[in-house]
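As structure tokens, the structure follows; a few thoughts come after it.
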Amino acid sequence: MYITFGISQKDYFDEELLLKPLPSGHVYAYFQFTTLWDVDPQFNIAICFPGPWVKLSGGTMFKSCTLLLQKGSGDMKIGAIQYLTLLLVLNCGHGSKKTPKSALSGLLCASLNFIDAANSLSPELTLRPAGVVDNKPVNSSYLRYATLPREIVCTENLTPWKKLLPCDSKDTSCSKMAVELRQTVSLVYDIVIVGAGSQDWSLRKLFGMGLGGACPLATMSNIYIDITSNKTETPFQLVPPAPAVTTSIRGGYETILAVYDVKSLKISSMFNVAVVHTQIPQVFNINSPPVIFANRYIVGYGQERGGIVTKIHINHWKSLNIVYLENIPWFLPVYFHTLKIVANGKEIKPGKLGSINFNPGMWTKIDLMYMNISKYVMKQYIPGKERTRPYYLEVALKLPGRSVTEISIDFDYVFLKWQEYPPDANHGFYIGSAIITALLPVGKNYTGLPQDGSTITSRLAHPLMIINSVYELNPITFFKICFSFNATREGYLVQLRTETLIITLPTPDFSMPYNVICLACTVVALAFGPLHNITTKRLRLKDNESQSGPLLWIKTKISALRGVVQEKVLK
Amino acid sequence: MEEGAGKQERTQVFYCEKIEIVHTLLPPHKAEITTSRTYFSENALLPGLVKGDFDEDMTAKNYQSELLEESSRYPDSVPYPWLLAKFRQLSLDVYTHNFTLNYPLGYGTKYTGKNVYAILRAPRSASTEALVLSVPYRSPSSAHPGTMPSIALMLSLAKFFRRQKYWAKDVIFLVTEHEQLGVQAWLEAYHQTTCGRSGVLDHGDMTGRGGAIQAAINLELHAEKIGHVDVKVEGLNGQLPNLDLVNLVHRMCSKEGVKHTFKNRENSNHRDPMKEWFHQLKTLMAMVTTQATGIPNGNHGLFHRFGIEAVTLEGFEKKEKGSPAVFYQLGRVMEGLFRSLNNLLERFHQSYFFYLQPTTDRYISIGMYMPPLGLLCAALLIKAFGLWLRMQKDPADSASAPAGRKGDEDILEVDKEEQSGEGDGAYSVEQQVVNFSLVPVGVAVLATHILGVALLSAPRPFTTVGLEWGGLATETSIYVGYVVAALVMILIPLLASSIGGNMESWTLLNIVALLELATLLLAVSMQNFSLALLAATIYTPPALWMTPAKNRSLSLPPPPRESNSLAILSQHTLLAINRHAPGRMTSAGTHPSHMCSLLTSSPPAHCGIRRRTVLALNPPTRYDLLFRAALNDNPPTSRPTYLLPRHLGYFPTSSLWILARPSHHRCYLLTTSLRPKPAGHRNIPPFPSTSRLPSTSSSMPSAAQNKYPVSLPLEPTGYRHTLPTDPDTRCRHRAPSYSKATAQRNQVQDWCLFVYCRFLSVFQKLLWLLLHPLLLLTIVVSIFTLITFPELPWDEVLDRSLGATKQALVFAIIDSSVYGNWVFSVATAILTPNWLIFWLVLNSKPLSCRRVKD
């Protein structure tokens, strides 16, 4: 799930669904709901925008907020993003420094209240506002970035999220702000599990039911099915056939999309789209690896020392500039001097940030970095502090083409205070993912939105075309006009989020206190009796003379006997 | 106090040993007390809660026939294309992993291998955790029984698992090559680390990974129709999987009706408790011996180091009648196992990691088995402490001794030359001040351990030398090298004895060795209890027996203060023991008439004196002569001095045994200050009928003793001789009152004793020689060879066992450098030096002896 806020000048609501079958037998589903409108200062009326969010954003505490709730199914190669909860708050400087986390966590049923200074940081390079945001330089010290890797995403989060959609929400209210709200859901379905033996799939199979129709408030309501693979892989048919087919060329890669404009379909009951394979495929293929993918894991064994290794694979022929951001929690003390970047067996030494002359504006800085740095690398590092600050590491690198780069850093396992262990201490501790940002020169395997666009449509053409035409034309007509346009940009921004890691910190035996309590109680119980006796009863001497017993009798007999024997011996 | 300490030490050591022996045997016997029924500690496992759904048994059969056909085309390697294709067909992520072994004892010899693994990505989580199902691939030419059915089952399980949506942990299907090497390389690559010596096993790189591995099951089925499944637990360095996992396997097997065993032994149901006990003991000992080697008995054993709980399920072919377990049942067992593991929220941590199992459903927890081992080690520690106390006591006591006491004691030199030569000081009590220096001790300890470290790194030089000079095979050159090293070690005492060092230094060395041994045993027991137990039972009793040759002088206490009757002043007068109660603390002479109170307080434990007739001295060879000295039962009023020349006859009524240095001809000093005997007691034998502990004797009123002076029929009457009253006449002559027969008898007895002591000494040395780690290895391997091939002629057995020993040594070295098995390292770098220190102590010739000789 993805929620983005931004201040904008436009006003519309779009709903889009992109379905992409992958050669490995997975189906990638991407829902995007964009609520964007221009607010007239005179009229405080908003039709689509959800009320609570209006209030939240009305406080002008943040300019842009990206909230990512992720639950991953794990193959980086699929290209889907996974794994973590992320909060990005852009503070414009005015307003309080306090982040509206409690309000947000209430809205989303997520434990955002766990976000505090101890796990959030202000990355300089990696993060920038997406969507329709004015490209003014932003001071990164107003940026907050945090992950809650332990957070579990479930329907509990989805329900409030769904409430934000204008068609589901009964509570839409007014707003004075110019806001863009982009809500997305990315899902990857495994056809082997879902399909029950067959590789065919349909909307009903994936989502349990068909489509009831478009949201009346939506300007645009489209379903796109990526049918590029129909040429190369096992052929399939769309039922019903797509009313329009469009081609998008990005960075030399052509994508063929079947487009269903739900509004124009005039759905009477339920609408369903099915993909039916004309011949039964025998084997699933391997996904062609994306231009860049990464893999992260813990190395070493035992509970003394370890290391985090991030392996970045680059399949592009040319070198790529990337930014690598680590947010390592304070309980994992890393040693900066152990940071080692080895690309294809050759070590890369990152220089200082100051070695590059950047323009003062931060955002231009990042752009510069993406575009122009060729021989420089740099790193930013702020060591963490126990219980107050995470370790922040950001490295900008130029990686050679067709390479495997290992970024490794060593850490120590530490003992926590015993109250800092979660109830399931032996489950392990999560380490949030790293973010690898790159501006890809080619659009291979790239389904994301362009940095300057808000809708899937925007990936099909140049944004200017959208802005000029989207309000006048029916989307289909629009596609028909602009499908032949080359939507190639200078680069395609991709942000990879690596796996969440789980590590086992040295964990005390939590049953020990229990044992101690048991032992102590036993001792107390045993001691109580005698103590009570001694303190409450009086001791009195007993007459010794009257003492007799079998033992004493035997003793006297024996001593008497001994005397006799000894005497005899003497004689 | 010192006497008390000494006594306590002795008894404690004694009891420690006894209790240990009893205790070790106890667990299976008193099954209800020491072993407990296994139970599930981790509730999240929910074993067998869900009915099994596995129905791919036909698929498994197809896979099996396909694989058999396929493998025939690859007689020496793995049919990679087939495996990769099968996994890919199931739309799993398939990877291969290459590794290289640089043979640690060869130059440039390399072996390569390739593992295949497939990862089933869990639909319900983000690859944070993973489970492993591993199967070693064995080509048809392999010496081990094949594992094709398990690969077939694994593939069908993969197919079944792939369709399930409940996985919250990745499942990794791993097919390894080269047995344990493949698993080790895979694990090292997965964790990107090296466990053994660097540069030996090149684990290679790995592209695909799941999350942190939580548990692993290694499957080895030798046939399609399985008679029983053996559950193997023993891992590298004796590590064991969590008991919950072991229980889980047994539970799932019994749920699906698969016969399951532990150590290939089924649970017996003997009516006879003794038979039952013996059965369980055998199973237990099988586990102990396996665990003690530190070598994993299955591929599961290598996972443990990484905090991954793992077991091996080995299925043996059904040979006898009855319905076998087929893929259907086994598949359900595996399904149940993996579903339970999938349920786990936390790592295995609830149940025991340290246990012994006498049956499949009972266990002995660490709380039960550690105390006996602790007692064994405590014996060593107590002994060390006792020795230390005595070292401390001697000077302190003499210093604090009342001045008047000294006057009572006589230091009388018989030999005037000696007296003039050595001076009083040489024999005075004060001379026994602890004046050891730490330097020789430190040097000895350091030198032996440097030797140990040198031995640890010796295999490679040995190989080189053997190859270049004699063209010997690796194992022969290594073995010969270590034998030579052992011989050098055995001969070191000859060298070291010339260096000398005084008594106290040797004792200190003894203490250090004892402490080191105890620490070593305890440290080993932390990880590998079985090894520690076996080592402790082998090494502790002889080590307790070890003493430096002259240690007795140290154990000699100062004269009891209350008796003031006897002082043994020579450093060379080693031991005086009350004959009536040897081994007991005696200072019986509270009665003035008993002039011969003894000071044999607590003969040291190493003396081994248990009964009144046996005088087992350690080592007896140090004393060419054993003197028995008697005190006159008819003492003169003056202070008598008894000289005990070398060939003095016996004084059988004596209560003293005085041992002296043989080389020292004249200086056997036994002086006592005797009080005049009250008249009327002239004929009373010198000793009270029973010896009493000081406590008892002091508690008894002296009047009572006076009242009943008892003569004791100590010995045959022939021994009853009295010394002439004039001491001087006896100084240089045999007592005239001896009859010839008696003298002869005494002579014979003397020789008997001498021979006995000599024998004991030699025996002790031989025993310790046998305990040299290398020799011990040879012996153990020979015994096993003998057991395995009982019908072979002895020379064949010898030949084979020698070969096996060489192999074992080489394997131990390779294991330590590839897997990090520390048995070899510990044995060479710590145990061997420790052995050497004891050996030095055993053969020590303290300086003080030689000084006297001069």
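The values are calculated or read from the model by the stated rules, or taken from the named source; none is laboratory data. This one's a predicted model, so the numbers in the text were calculated from it and none came from an experiment. Please note: Cβ atoms are built from the backbone with ideal geometry, for glycine as well, and neighbour counts cover all protein chains shown.
From A:ILE308, A:ILE286, A:ILE348, which residue is buried (at least 20 other Cβ atoms within 10 Å of the Cβ) and either in the same structural domain as A:ARG497 (by the TED database) or at pLDDT below 85 (or both)? Explain how you work it out, then say what you get.
Numbers: A:ILE286 fails: buried (at least 20 other Cβ atoms within 10 Å of the Cβ); A:ILE348 fails: buried (at least 20 other Cβ atoms within 10 Å of the Cβ).
Only one candidate qualifies: A:ILE308.
Which ones in the stretch B:298-321 are surrounded by fewer than 19 Cβ atoms within 10 Å (Cβ to Cβ), in a loop (DSSP other than H, G, I, E, B) and in contact (Cβ under 8 Å) with a residue 24 or more places away in the chain?
The answer is B:GLY307, B:LYS318, B:LYS319, B:GLU320.
Output the residue which, of all residues in the stretch A:414-452 that are at pLDDT 85 or above, of a type in the set (A, V, I, L, M) and part of a loop (DSSP other than H, G, I, E, B), is nearest to A:PHE114 (Cα to Cα).
A:LEU416
Check the stretch B:233-255 and report whether any residue there is among the aliphatic types (A, V, I, L, M), surrounded by fewer than 24 Cβ atoms within 10 Å (Cβ to Cβ), more than 14 Å from chain A (Cβ to nearest Cβ) and out of contact with any Leu (no Cβ under 6 Å at 6 or more places or on another chain).
No: zero hits.
Looking only at the stretch B:347-369, decide whether some residue is within 14 Å of another protein chain (Cβ to nearest Cβ), buried (at least 23 other Cβ atoms within 10 Å of the Cβ) and hydrophobic (A, V, I, L, M, F, W, C).
Yes; the residues of the stretch B:347-369 include at least one that is within 14 Å of another protein chain (Cβ to nearest Cβ), buried (at least 23 other Cβ atoms within 10 Å of the Cβ) and hydrophobic (A, V, I, L, M, F, W, C).
If you check A:LEU541 against the conditions, is it modelled with pLDDT of 85 or more and more than 36 Å from the chain's Cα centre (by Cα)? Lay out the reasoning, then the answer.
Numbers: modelled with pLDDT of 85 or more: no; more than 36 Å from the chain's Cα centre (by Cα): yes.
No.
Which one of the conditions (1) buried (at least 22 other Cβ atoms within 10 Å of the Cβ); (2) over 20 Å from B:THR38 (Cβ atoms); (3) modelled with pLDDT of 90 or more does B:TRP167 fail to meet, given that it meets all the rest?
Only one criterion is unmet by B:TRP167, namely (1).
If I filter the stretch B:191-207 for residues that are in a strand (DSSP E or B) and in the same structural domain as B:TYR117 (by the TED database), do I get at least one hit?
So in the stretch B:191-207, the residues in a strand (DSSP E or B) come out as B:201-202.
Checking the rest, the ones that are also in the same structural domain as B:TYR117 (by the TED database) come to B:201-202.
Taking every residue of the stretch B:191-207 in turn, at least one turns out to be in a strand (DSSP E or B) and in the same structural domain as B:TYR117 (by the TED database).
Out of the residues in the stretch A:498-518 that are in contact with a helix residue (DSSP H, G or I) (Cβ under 9 Å, 6 or more places away or on another chain) and surrounded by fewer than 23 Cβ atoms within 10 Å (Cβ to Cβ), state the one that is farthest from the other protein chains (Cβ to nearest Cβ). Explain how you work it out, then say what you get.
Of the residues in the stretch A:498-518, the ones in contact with a helix residue (DSSP H, G or I) (Cβ under 9 Å, 6 or more places away or on another chain) are A:498-499, A:502, A:504-505, A:507-510, A:513.
Checking which are surrounded by fewer than 23 Cβ atoms within 10 Å (Cβ to Cβ) leaves us with A:502, A:504-505, A:507-510, A:513.
Values: A:ILE502: 5, A:THR504: 6, A:LEU505: 11, A:THR507: 7, A:PRO508: 11, A:ASP509: 8, A:PHE510: 9, A:PRO513: 16 Å.
Per the criteria, the residue is A:PRO513.
Do you know which residues across the stretch B:520-563 are surrounded by fewer than 21 Cβ atoms within 10 Å (Cβ to Cβ), under 16 Å from B:ALA384 (Cα atoms) and either among the acidic types (Asp, Glu) or at pLDDT 90 or above (or both)? Write out each step before concluding.
From the stretch B:520-563, those surrounded by fewer than 21 Cβ atoms within 10 Å (Cβ to Cβ) are B:520, B:522-523, B:526-527, B:534, B:537-538, B:541-542, B:561-562; that's our starting set.
After this cut, where a residue has to be under 16 Å from B:ALA384 (Cα atoms) as well, the list is B:520, B:522, B:541-542.
Matches in the stretch B:520-563: B:LEU520, B:LEU522.
Determine, yes or no, whether A:GLU254 is at pLDDT below 75, closer than 30 Å to A:TYR492 by Cα and in a strand (DSSP E or B).
Numbers: at pLDDT below 75: no; closer than 30 Å to A:TYR492 by Cα: yes; in a strand (DSSP E or B): yes.
Answer is no for this residue.
Can you pull out every residue in the stretch B:45-81 that is surrounded by 14 or more Cβ atoms within 10 Å (Cβ to Cβ), part of a helix (DSSP H, G or I) and within 14 Å of chain A (Cβ to nearest Cβ)?
B:LEU45, B:THR59
Can you find a residue in the stretch B:328-343 that is in contact (Cβ under 8 Å) with a residue 60 or more places away in the chain, in contact with a His (Cβ under 6 Å, 6 or more places away or on another chain) and within 24 Å of B:GLU234 (Cα to Cα)?
So far as the stretch B:328-343 goes, no, none of its residues is in contact (Cβ under 8 Å) with a residue 60 or more places away in the chain, in contact with a His (Cβ under 6 Å, 6 or more places away or on another chain) and within 24 Å of B:GLU234 (Cα to Cα).
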